[in-house]
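Here is the structure we will look at.
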Amino acid sequence: MGKLTNLVLGAVGGVLGAIVGGPWGAFVGFSIGYGLGTIIDPFVPDIPSPGEPTMNDLEMMSNQEGLPLPDILGTAKTTGNLLFYGNNRMTEITENVDSGGGASGGGGGGDEEVVTGQRYFLSWALAFCLGPVDTLYTVWADDEVVWSGELERTVATKGQVNIILMTGDRDKVSGFEDENGLVSPGEEFFEGRNSMADEGIIGVMTFYFGTADQEPDDLLGNLMQEEGAFDPADGYSDLDYHIPYRRQCYAYLHNCYIGSYNRCPTIKVVLRKAPECSFDT
(Lines give C-alpha, C1' and ligand atoms only; values in the text may rest on other atoms or scores of the structure.)
Protein backbone atom coordinates (compact mmCIF):
# COMPACT_ATOMS: atom_id res chain seq x y z
CA MET A 1 0.00 0.00 0.00
CA GLY A 2 2.99 2.29 0.56
CA LYS A 3 3.48 3.29 -3.10
CA LEU A 4 -0.22 4.06 -3.62
CA THR A 5 -0.47 6.24 -0.50
CA ASN A 6 2.64 8.20 -1.49
CA LEU A 7 1.34 8.88 -5.00
CA VAL A 8 -2.15 9.91 -3.84
CA LEU A 9 -0.87 12.38 -1.26
CA GLY A 10 1.76 13.61 -3.71
CA ALA A 11 -0.91 14.27 -6.36
CA VAL A 12 -3.12 16.12 -3.87
CA GLY A 13 -0.15 18.24 -2.79
CA GLY A 14 0.74 18.94 -6.42
CA VAL A 15 -2.79 20.14 -7.25
CA LEU A 16 -2.93 22.45 -4.21
CA GLY A 17 0.55 23.73 -4.94
CA ALA A 18 -0.34 24.51 -8.56
CA ILE A 19 -3.36 26.52 -7.46
CA VAL A 20 -1.26 28.58 -5.10
CA GLY A 21 2.08 28.89 -6.88
CA GLY A 22 1.80 27.60 -10.42
CA PRO A 23 4.25 24.99 -11.81
CA TRP A 24 6.83 25.59 -9.11
CA GLY A 25 4.14 25.33 -6.46
CA ALA A 26 2.97 22.04 -7.98
CA PHE A 27 6.47 20.61 -7.70
CA VAL A 28 6.84 21.73 -4.07
CA GLY A 29 3.34 20.49 -3.21
CA PHE A 30 3.96 17.06 -4.74
CA SER A 31 7.25 16.69 -2.83
CA ILE A 32 5.61 17.59 0.48
CA GLY A 33 2.64 15.27 -0.14
CA TYR A 34 4.86 12.38 -1.18
CA GLY A 35 7.02 12.86 1.93
CA LEU A 36 3.97 12.83 4.20
CA GLY A 37 2.79 9.61 2.52
CA THR A 38 6.13 7.97 3.26
CA ILE A 39 5.77 8.84 6.94
CA ILE A 40 2.12 7.74 7.18
CA ASP A 41 2.51 4.50 5.20
CA PRO A 42 6.17 3.52 4.81
CA PHE A 43 7.05 1.57 1.70
CA VAL A 44 8.02 -2.08 2.40
CA PRO A 45 10.04 -3.70 -0.43
CA ASP A 46 8.81 -6.96 -1.96
CA ILE A 47 12.28 -8.53 -1.63
CA PRO A 48 12.81 -9.83 1.90
CA SER A 49 15.81 -8.56 3.76
CA PRO A 50 18.49 -11.00 4.94
CA GLY A 51 17.69 -12.55 8.28
CA GLU A 52 16.21 -15.72 9.67
CA PRO A 53 15.95 -18.15 6.73
CA THR A 54 12.77 -20.06 5.97
CA MET A 55 12.32 -23.47 4.38
CA ASN A 56 10.59 -22.65 1.11
CA ASP A 57 8.43 -25.23 -0.62
CA LEU A 58 10.50 -27.81 -2.46
CA GLU A 59 10.15 -27.72 -6.26
CA MET A 60 10.34 -31.27 -7.64
CA MET A 61 10.24 -32.59 -11.18
CA SER A 62 6.90 -34.10 -12.13
CA ASN A 63 6.44 -37.85 -12.06
CA GLN A 64 3.67 -40.04 -13.37
CA GLU A 65 2.52 -43.13 -11.53
CA GLY A 66 2.33 -46.17 -13.75
CA LEU A 67 4.47 -44.61 -16.49
CA PRO A 68 5.90 -47.39 -18.70
CA LEU A 69 9.62 -47.91 -18.18
CA PRO A 70 11.36 -47.20 -21.52
CA ASP A 71 13.88 -49.46 -23.20
CA ILE A 72 16.83 -48.18 -25.19
CA LEU A 73 18.93 -49.67 -27.99
CA GLY A 74 22.30 -48.22 -28.77
CA THR A 75 23.35 -44.93 -27.15
CA ALA A 76 20.68 -42.58 -25.85
CA LYS A 77 20.13 -39.66 -23.49
CA THR A 78 17.24 -40.24 -21.11
CA THR A 79 15.60 -38.43 -18.19
CA GLY A 80 14.86 -40.17 -14.92
CA ASN A 81 11.33 -40.65 -13.62
CA LEU A 82 11.03 -39.90 -9.91
CA LEU A 83 10.71 -42.95 -7.64
CA PHE A 84 11.02 -41.38 -4.18
CA TYR A 85 12.47 -38.37 -2.37
CA GLY A 86 13.01 -37.14 1.19
CA ASN A 87 15.47 -35.73 3.73
CA ASN A 88 15.02 -32.22 2.37
CA ARG A 89 17.03 -29.87 4.59
CA MET A 90 18.66 -26.46 4.66
CA THR A 91 21.79 -24.93 6.14
CA GLU A 92 22.61 -21.26 6.51
CA ILE A 93 25.36 -19.36 4.69
CA THR A 94 26.77 -16.84 7.16
CA GLU A 95 29.34 -14.07 6.92
CA ASN A 96 31.11 -12.00 9.54
CA VAL A 97 30.65 -8.27 8.96
CA ASP A 98 31.97 -5.28 10.85
CA SER A 99 29.18 -4.13 13.16
CA GLY A 100 30.77 -0.68 13.55
CA GLY A 101 30.77 1.28 16.75
CA GLY A 102 34.54 1.26 17.23
CA ALA A 103 36.51 3.76 19.28
CA SER A 104 35.26 6.71 17.24
CA GLY A 105 31.65 5.56 17.55
CA GLY A 106 31.80 5.04 21.27
CA GLY A 107 30.79 1.37 21.08
CA GLY A 108 32.48 -1.95 21.49
CA GLY A 109 32.77 -2.71 17.77
CA GLY A 110 33.61 -6.19 16.55
CA ASP A 111 32.23 -8.56 13.95
CA GLU A 112 28.61 -9.66 13.66
CA GLU A 113 27.51 -12.92 11.99
CA VAL A 114 24.75 -12.35 9.45
CA VAL A 115 22.86 -14.80 7.23
CA THR A 116 23.55 -14.15 3.53
CA GLY A 117 21.88 -17.18 1.95
CA GLN A 118 20.93 -20.83 2.23
CA ARG A 119 22.12 -24.20 0.94
CA TYR A 120 19.58 -26.93 0.24
CA PHE A 121 20.13 -30.71 0.31
CA LEU A 122 17.93 -33.61 -0.79
CA SER A 123 17.91 -37.39 -1.25
CA TRP A 124 15.98 -38.90 -4.18
CA ALA A 125 15.79 -41.89 -6.51
CA LEU A 126 15.14 -41.98 -10.27
CA ALA A 127 14.32 -44.78 -12.74
CA PHE A 128 15.81 -44.47 -16.24
CA CYS A 129 15.08 -47.55 -18.36
CA LEU A 130 14.99 -51.33 -18.53
CA GLY A 131 18.28 -53.00 -17.79
CA PRO A 132 20.84 -54.13 -17.97
CA VAL A 133 22.63 -51.24 -19.69
CA ASP A 134 26.26 -51.66 -20.71
CA THR A 135 27.86 -48.22 -20.31
CA LEU A 136 27.28 -44.94 -18.48
CA TYR A 137 28.80 -41.99 -20.34
CA THR A 138 27.41 -38.74 -18.93
CA VAL A 139 25.28 -37.37 -16.10
CA TRP A 140 23.54 -34.01 -16.46
CA ALA A 141 21.96 -31.87 -13.74
CA ASP A 142 19.65 -29.50 -15.61
CA ASP A 143 21.93 -28.14 -18.36
CA GLU A 144 25.27 -28.87 -16.70
CA VAL A 145 27.47 -31.94 -17.06
CA VAL A 146 28.21 -33.15 -13.52
CA TRP A 147 29.99 -36.39 -14.44
CA SER A 148 31.45 -37.80 -17.65
CA GLY A 149 33.51 -40.84 -18.55
CA GLU A 150 33.04 -44.37 -19.87
CA LEU A 151 31.90 -46.57 -17.03
CA GLU A 152 31.34 -50.17 -18.07
CA ARG A 153 29.04 -52.57 -16.28
CA THR A 154 31.99 -54.93 -15.79
CA VAL A 155 33.43 -52.70 -13.02
CA ALA A 156 30.18 -52.80 -11.06
CA THR A 157 29.55 -54.95 -8.01
CA LYS A 158 26.15 -56.61 -8.43
CA GLY A 159 25.25 -53.91 -10.91
CA GLN A 160 26.09 -51.03 -8.55
CA VAL A 161 28.65 -48.21 -8.73
CA ASN A 162 29.08 -44.97 -6.76
CA ILE A 163 30.26 -41.82 -8.51
CA ILE A 164 30.77 -38.21 -7.38
CA LEU A 165 28.70 -35.54 -9.10
CA MET A 166 30.21 -32.06 -9.28
CA THR A 167 30.44 -28.96 -11.45
CA GLY A 168 33.92 -27.79 -10.45
CA ASP A 169 37.47 -29.07 -10.83
CA ARG A 170 37.46 -32.85 -10.32
CA ASP A 171 41.00 -32.72 -8.92
CA LYS A 172 39.34 -31.71 -5.64
CA VAL A 173 37.85 -35.21 -5.27
CA SER A 174 40.75 -37.25 -6.64
CA GLY A 175 41.54 -38.50 -3.13
CA PHE A 176 38.11 -40.09 -2.85
CA GLU A 177 38.03 -41.88 -6.22
CA ASP A 178 39.73 -45.14 -7.21
CA GLU A 179 41.31 -45.93 -10.59
CA ASN A 180 37.85 -46.41 -12.12
CA GLY A 181 36.51 -43.12 -10.79
CA LEU A 182 34.36 -44.90 -8.20
CA VAL A 183 33.88 -43.89 -4.59
CA SER A 184 32.50 -45.41 -1.42
CA PRO A 185 29.24 -43.78 -0.26
CA GLY A 186 30.50 -43.82 3.34
CA GLU A 187 29.61 -41.00 5.67
CA GLU A 188 33.23 -39.77 5.72
CA PHE A 189 32.62 -38.23 2.29
CA PHE A 190 29.85 -36.03 3.66
CA GLU A 191 31.90 -34.38 6.37
CA GLY A 192 32.31 -30.67 5.69
CA ARG A 193 29.47 -30.66 3.16
CA ASN A 194 29.04 -26.87 3.32
CA SER A 195 32.57 -26.13 2.15
CA MET A 196 32.34 -28.91 -0.45
CA ALA A 197 29.17 -27.35 -1.86
CA ASP A 198 31.07 -24.09 -2.33
CA GLU A 199 33.56 -26.01 -4.49
CA GLY A 200 30.84 -27.32 -6.80
CA ILE A 201 30.55 -30.79 -5.26
CA ILE A 202 26.98 -32.09 -5.39
CA GLY A 203 27.45 -35.48 -3.73
CA VAL A 204 27.45 -39.21 -4.43
CA MET A 205 25.11 -40.89 -6.92
CA THR A 206 24.64 -44.65 -6.62
CA PHE A 207 23.99 -45.90 -10.15
CA TYR A 208 22.43 -49.30 -10.89
CA PHE A 209 22.92 -50.78 -14.35
CA GLY A 210 19.73 -52.85 -14.02
CA THR A 211 21.19 -56.31 -13.55
CA ALA A 212 19.30 -59.38 -12.35
CA ASP A 213 21.42 -59.63 -9.18
CA GLN A 214 20.93 -56.09 -7.87
CA GLU A 215 20.54 -55.82 -4.13
CA PRO A 216 18.37 -53.28 -2.30
CA ASP A 217 19.92 -49.90 -1.58
CA ASP A 218 20.05 -49.69 2.22
CA LEU A 219 20.25 -45.88 2.27
CA LEU A 220 17.16 -45.60 0.04
CA GLY A 221 15.33 -48.22 2.10
CA ASN A 222 16.12 -46.40 5.34
CA LEU A 223 14.95 -43.11 3.82
CA MET A 224 11.66 -44.65 2.70
CA GLN A 225 11.15 -46.05 6.17
CA GLU A 226 11.95 -42.74 7.88
CA GLU A 227 9.64 -40.83 5.55
CA GLY A 228 6.79 -43.32 6.08
CA ALA A 229 6.50 -44.48 2.47
CA PHE A 230 4.19 -47.31 3.55
CA ASP A 231 1.52 -47.32 6.22
CA PRO A 232 2.48 -49.87 8.93
CA ALA A 233 -1.22 -50.39 9.56
CA ASP A 234 -1.43 -52.06 6.16
CA GLY A 235 0.88 -54.82 7.34
CA TYR A 236 4.13 -53.77 5.67
CA SER A 237 7.40 -55.10 7.09
CA ASP A 238 10.95 -53.72 6.99
CA LEU A 239 11.63 -55.77 3.86
CA ASP A 240 9.00 -53.81 1.95
CA TYR A 241 11.14 -50.70 2.22
CA HIS A 242 14.18 -52.37 0.64
CA ILE A 243 13.33 -52.90 -3.02
CA PRO A 244 16.07 -54.22 -5.35
CA TYR A 245 14.46 -52.84 -8.55
CA ARG A 246 16.09 -55.71 -10.45
CA ARG A 247 16.40 -55.35 -14.24
CA GLN A 248 15.66 -51.64 -13.83
CA CYS A 249 18.38 -49.06 -14.45
CA TYR A 250 18.01 -46.44 -11.73
CA ALA A 251 20.00 -44.14 -9.46
CA TYR A 252 19.86 -42.95 -5.88
CA LEU A 253 21.33 -39.57 -4.90
CA HIS A 254 22.01 -39.45 -1.18
CA ASN A 255 22.11 -36.18 0.75
CA CYS A 256 23.11 -34.20 -2.33
CA TYR A 257 23.49 -30.44 -2.61
CA ILE A 258 20.76 -29.06 -4.90
CA GLY A 259 21.64 -25.35 -4.81
CA SER A 260 20.97 -22.04 -3.12
CA TYR A 261 17.22 -22.36 -3.64
CA ASN A 262 14.92 -25.26 -2.91
CA ARG A 263 14.54 -26.86 -6.33
CA CYS A 264 15.53 -30.39 -7.35
CA PRO A 265 17.52 -30.47 -10.61
CA THR A 266 16.45 -32.60 -13.56
CA ILE A 267 18.87 -35.53 -13.87
CA LYS A 268 19.60 -36.95 -17.32
CA VAL A 269 22.06 -39.68 -18.30
CA VAL A 270 23.69 -40.84 -21.52
CA LEU A 271 23.67 -44.64 -21.65
CA ARG A 272 24.58 -47.42 -24.07
CA LYS A 273 22.71 -50.69 -24.29
CA ALA A 274 23.65 -53.30 -26.89
CA PRO A 275 20.71 -55.25 -28.30
CA GLU A 276 20.39 -58.81 -27.10
CA CYS A 277 19.48 -60.81 -30.16
CA SER A 278 20.72 -63.72 -32.21
CA PHE A 279 21.11 -63.97 -35.96
CA ASP A 280 21.51 -67.75 -35.95
CA THR A 281 19.21 -69.57 -38.34
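The values are calculated or read from the model by the stated rules, or taken from the named source; none is laboratory data. All values reported here derive from a predicted model rather than from experimental measurement. Backbone-built Cβ (ideal geometry, glycine too); neighbour counts: all protein chains shown.
For residues in segment 58-80 being in a strand (DSSP E or B) and at pLDDT 90 or above, which is nearest to residue 260 (Cα to Cα)? Write out each step before concluding.
Within segment 58-80, the first condition is being in a strand (DSSP E or B), and the residues that meet it are 59, 74-79.
Pick out the ones that are also at pLDDT 90 or above and you get 74-79.
Details: 74: 37, 75: 33, 76: 31, 77: 27, 78: 26, 79: 23 Å.
The qualifying residue nearest to residue 260 (Cα to Cα) is 79.
Please name all residue pairs, on different chains or six or more residues apart, with Cβ atoms under 9 Å, provided the first residue is in segment 221-235 and is in the same structural domain as residue 88 (by TED's automatic domain parsing) and the second residue is part of a helix (DSSP H, G or I) and modelled with pLDDT of 85 or more.
The qualifying pairs are 229/223; 230/224.
Cβ-Cβ below 7 Å, separation at least six or inter-chain, first residue in segment 62-78 and under 23 Å from residue 136 (Cα atoms), second part of a loop (DSSP other than H, G, I, E, B) and modelled with pLDDT under 85: which pairs?
Final answer for the pair search is 73/275.
Of the residues 186, 149, 175, which single one is modelled with pLDDT under 95 and under 23 Å from the mean Cα position of the chain (by Cα)? Quick ask: steps written out before the conclusion?
On the way: 149 fails: under 23 Å from the mean Cα position of the chain (by Cα); 175 fails: under 23 Å from the mean Cα position of the chain (by Cα).
Matching residue, one of 186, 149, 175: 186.
Can you tell me which of (1) at pLDDT 90 or above; (2) surrounded by 14 or more Cβ atoms within 10 Å (Cβ to Cβ) is the one residue 201 doesn't meet?
Result: residue 201 fails condition (1) only.
Considering each residue of segment 155-171, count those that are among the small types (Gly, Ala, Ser) and more than 20 Å from the chain's Cα centre (by Cα), and give that number.
Of segment 155-171, the ones among the small types (Gly, Ala, Ser) are 156, 159, 168.
Still in the list and also more than 20 Å from the chain's Cα centre (by Cα): 156, 159.
Summing the residues that are among the small types (Gly, Ala, Ser) and more than 20 Å from the chain's Cα centre (by Cα) in segment 155-171 gives 2.
Residues that are touching a residue at least 12 places away in the same chain (Cβ under 8 Å), assigned to a strand (DSSP E or B) and surrounded by fewer than 18 Cβ atoms within 10 Å (Cβ to Cβ): does segment 157-172 have at least one? Walk me through it before giving the result.
Taking segment 157-172 and keeping what is touching a residue at least 12 places away in the same chain (Cβ under 8 Å), we get 158-169, 172.
Within this subset, residues satisfying the condition of being assigned to a strand (DSSP E or B) are 160-166.
Narrowing the set further to residues that are surrounded by fewer than 18 Cβ atoms within 10 Å (Cβ to Cβ) leaves none.
No: segment 157-172 contains no residue that is touching a residue at least 12 places away in the same chain (Cβ under 8 Å), assigned to a strand (DSSP E or B) and surrounded by fewer than 18 Cβ atoms within 10 Å (Cβ to Cβ).
Looking only at segment 124-150, count every residue that is free of Cβ contacts under 8 Å to residues at least 40 places away in the same chain and surrounded by 15 or more Cβ atoms within 10 Å (Cβ to Cβ) and tell me the total. Steps first, answer last, please.
We begin by selecting, within segment 124-150, every residue free of Cβ contacts under 8 Å to residues at least 40 places away in the same chain; these are 143-145, 148-150.
Checking the rest, the ones that are also surrounded by 15 or more Cβ atoms within 10 Å (Cβ to Cβ) come to none.
Final tally of qualifying residues: 0.
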